[in-house]
1. Given a cut-off of 26 Å, name the pairs among K181/K204; K116/K193; K244/K270; K204/K244 whose C-alpha atoms lie farther apart than that in the structure shown.
2. Under the 0.36 nm per residue contour assumption, what length would be gained going from the current alpha-carbon distance of K132 and L265 to full extension?
3. What FRET efficiency, computed as 1/(1 + (r/R0)^6) with R0 = 35 Å and r the Cβ-Cβ distance, is obtained for R173 and K200, rounded to the nearest 0.05?
4. Based on the mean of other beta carbon atoms within 10 Å per residue, what is the order of 156-167, 219-230, most packed first?
5. Once R0 is set to 41 Å, what does the formula 1/(1 + (r/R0)^6) return for the Cβ-Cβ distance between E189 and W15, expressed as a FRET efficiency to the nearest 0.05?
6. Per residue of the range 82-91, in order, report the coupling 6.51 cos²θ - 1.76 cosθ + 1.60 (Karplus, θ = phi - 60°) as ³J(HN,Hα) in whole Hz, putting x for Gly and Pro.
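Readers should treat all values here as calculations from the given coordinates under stated rules, not as data from a laboratory. Note that this is a predicted model, so its numbers are computed, not measured. A quick note on method: Cβ atoms are made from the backbone with ideal geometry, for glycine too, and the neighbour counts reach across all protein chains shown.
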Amino acid sequence: MNGDERFMAERKPEWLKIKLNTGENFKELKRMMRGKTLHTVCEEARCPNIYECWANRTATFMILGDLCTRACRFCAVKTGLPTELDLAEPERVAEATEQMGLTHVVVTSVARDDLKDGGALVFAKTIQAIRKRTPLCSIEVLIPDFLGNWDALKVVMDAKPDILNHNVETVERLSDRVRSKAKYNRTLELLAKSKEFQPKVPTKSSIMIGVGETTEEIIATMDDLRQVDVDILTIGQYLQPSPKHLPVKKFYHPDEFARLKEEGLKRGFKHVESGPLVRSSYHAHEQVESAAKAL
């Protein structure tokens, strides 16, 4: 166990303990990612569900490199100035999706504020490449805010992903402190614009809790997301990835997550995934199926 792992394990309550599963599926998936020089947010963001998801042959691809131009105070992804754009990446993601036999794939990215379109064209080409190879596979994209460039957003939406995901991350009061460059109202506008461009494409967003918000603020954030017709909501516990990141202010009990799920469903979300280890892409395929039944 290295220093970061020891740090992450120190204060966690029992319900946040992770069961390791490094069986053959996990190892095979890791070999495939390395062989195709692909990145996954599972690894880069130190997702606690990597062992479960990889054992079940599901992963979230992270395109546009592994260096983010932002430095959000909750995120473990490396920060820096990217030096190049890999235009062959969409095809490699599509190949991996086909070889894994996926029926639902999630594609996200680092923020690329150095690019005029924020990487929107590469998102679109990735969607198109996956569709060409595996037409029955549903495609979810988890996008950055493109600094409010709605022409860039339209490029992604014109490629018609099956679900558009953009995370609000935290409550309005804490947004500027927690997120780098992102703006709470811009996130809401992006989610609204997505529905304007493609009314039939479901939208999704995520809140991480435990950074100092109140229950009333979480409920208010739900209401804001419903005001822009977000269909799917995920709520998970913030875990401090290193001593340099924001400290955890509170570990929520599973019962509290259950109550938040009830509040979300009352407000009209088609699906709410709420739990200590829930992340934006956790059980993504089940979320899509559940929301589709409610549409």
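1. In this structure, K244/K270; K204/K244 exceed 26 Å between Cα atoms.
2. 44.3 nm
3. 0.55
4. Peptide ranking by packing, descending: 156-167, 219-230.
5. With R0 = 41 Å, the Cβ-Cβ based efficiency is 0.70.
6. My calculation for the range 82-91 gives x, 9, 7, 10, 8, 6, 8, 4, x, 5 Hz in order.
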